[in-house]
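The values are calculated or read from the model by the stated rules, or taken from the named source; none is laboratory data. Every value quoted in this text rests on a predicted model; they were computed, and no experiment measured them. Glycine also receives a Cβ, built like all others from the backbone with ideal geometry; neighbour counts cover every protein chain displayed.
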Amino acid sequence: MIVNQRPETTLRTSDFFYELPHRLIAQTPAEPRDASRLMVLDRETGAIAHRIFRDVADLLLPTDTLVVNDSRVIPARLLGKTDDGTGRDIELFLLSALGQDRWECLSRPGKRAKPGDAFVFADGALRAEVTEVKEDGNRIVRFSYDDPAGFYAVLDRAGKTPLPPYIETPCADPERYQTVYARERGSAAAPTAGLHFTKELLDKIRQKGVAVVPVMLHVGLGTFRPVKTERIAEHAMHAEFFTVTKEAADLINERKRAGGRVVCVGTTSCRTLESAADEDGTVRPQSGETGIFIYPGYRFKATDALITNFHLPESTLIMLVSAFAGKENVMEAYRTAVREEYRFFSFGDAMMIQ
């Protein structure tokens with residue numbers, strides 16, 4: 001597992017707090033996707049400009065490499081019944097695949113998910129048995145089913161696409177919580193900075209000469225887990241699975257050596273590249289787990305510009321953005337976004353930092 005190694009800092013979680021009116025939390029996505037607003041932040045000067053997201057095609061340079069996370073959100077929320085004759089309600093939330101139809105899950109209520117306990121979902125199309133309770137309270141669950149099409153075919157029928165708890169309006173089209181380039185199933189939450197791109201916008205970007213390169217990080221709930229420690233350096237990230245192919249690494253390295261920028265779409269793409277990069281910025285093809293936690297004091301190795309959404313106060317995500325652009329610049333940008341009534345969080349507006 002890849003983790004951060006750096007000296008302790010004096011930064012506190014409260015240093016990343018900002019006031020956000022509830023009305024600015026976006027409940028529905030912009031239509032069309034690229035009609036959302038785009039704040040442009042100069043990380044050297046702190047200067048701020050206001051654009052529309054589709055303008056990103058004008059802000060990118062022909063020599064740029066746009067790195068996207070092509071992980072696809074799975075219908076990770078399972079609502080079922082206990083298989084003990086009582087038929088009591090049970091909820092499982094799939095976190096990460098362990099192979100051989102075994103998954104690490106959250107369960108609610110936990111008292112109904114002890115080793116040996118069994119559940120049924122979708123009228124028996126999917127069955128589950130708890131095999132282990134981890135120290136952190138997560139469950140290891142083995143699933144079984146009769147459908148020859150496989151686990152994901154059954155999950156598509158039995159599961160629900162999870163939305164963050166701050167989105168209180170049901171999503172009419174679950175595909176709006178997927179990026180247009182989502183490919184490999186496995187995420188419990190969307191890499192939301194990518195939700196702003198349309199296929200037409202990506203075509204325009206490619207026609208300009210920009211290379212669009214996919215990497216993959218399966219987004220787990222650990223990315224959004226609240227920081228409960230007073231000092232941020234004491235927070236521990238949960239591990240997430242990532243992959244950088246040889247083709248992706250070679251193209252990124254080639255274009256970066258030629259003087260082009262690496263522009264990461266979202267904190268997950270950024271964390272993937274920073275996990276796979278050597279100290280000199282060379283990206284190595286690899287697959288594995290990363291628990292990298294990026295906060296101010298971190299020296300970026302591969303990322304030259306970042307496209308990201310507006311994140312929750314005191315979250316690891318706003319800490320990463322602050323590491324990239326400077327804490328004071330970012331906190332002032334967030335205060336500006338509140339004054340200008342930008343829309344926040346998963347379905348909200350975006351920021352490009354360069």
Failed condition for residue 240, given (1) in contact with a Lys or Arg (Cβ under 9 Å, 6 or more places away or on another chain); (2) touching a residue at least 40 places away in the same chain (Cβ under 8 Å); (3) closer than 26 Å to residue 38 by Cβ; (4) among the acidic types (Asp, Glu), with all others met?
-> (3)
For residue 342, all conditions in the list (1) crowded, with 21+ Cβ neighbours inside 10 Å; (2) under 21 Å from residue 237 (Cβ atoms); (3) not acidic (Asp, Glu) hold save one; what is the number of the exception?
-> (2)
Would you confirm whether any residue within segment 242-255 is under 26 Å from residue 165 (Cβ atoms), surrounded by 15 or more Cβ atoms within 10 Å (Cβ to Cβ) and not acidic (Asp, Glu)?
-> yes
Output the residues belonging to segment 209-250 that are under 24 Å from residue 178 (Cβ atoms) and more than 21 Å from the chain's Cα centre (by Cα).
-> 210, 211, 247
Inside segment 40-88, can you point out the residues that are touching a helix residue (DSSP H, G or I) at 6+ places or on another chain (Cβ under 7 Å) and of a type in the set (A, V, I, L, M)?
-> 40, 41, 48, 52, 57, 60, 66, 67, 68, 73, 74, 78
Which listed residue, of 337, 333, is small (Gly, Ala, Ser) and either farther than 26 Å from residue 169 by Cβ or in a loop (DSSP other than H, G, I, E, B) (or both) | 333
Could you please give the count of residues in segment 282-305 that are of a type in the set (Gly, Ala, Ser) and surrounded by fewer than 18 Cβ atoms within 10 Å (Cβ to Cβ)?
-> 4
Within segment 143-161, identify whether any single residue is of a type in the set (Val, Ile, Thr), at pLDDT 95 or above and closer than 28 Å to residue 109 by Cβ, and answer yes or no.
-> yes
For segment 89-97, indicate whether the set of residues that are among the charged types (D, E, K, R), farther than 29 Å from residue 323 by Cβ and in contact with a Leu (Cβ under 6 Å, 6 or more places away or on another chain) is non-empty.
-> yes
Can you give me the ranges of the strands (runs of 3 or more DSSP E) entirely in segment 1-116 with at least 1 residues that are touching a strand residue (DSSP E or B) at 6+ places or on another chain (Cβ under 8 Å), closer than 30 Å to residue 233 by Cβ and not acidic (Asp, Glu)?
-> 37-41, 48-52, 65-69, 71-73, 89-99, 102-108
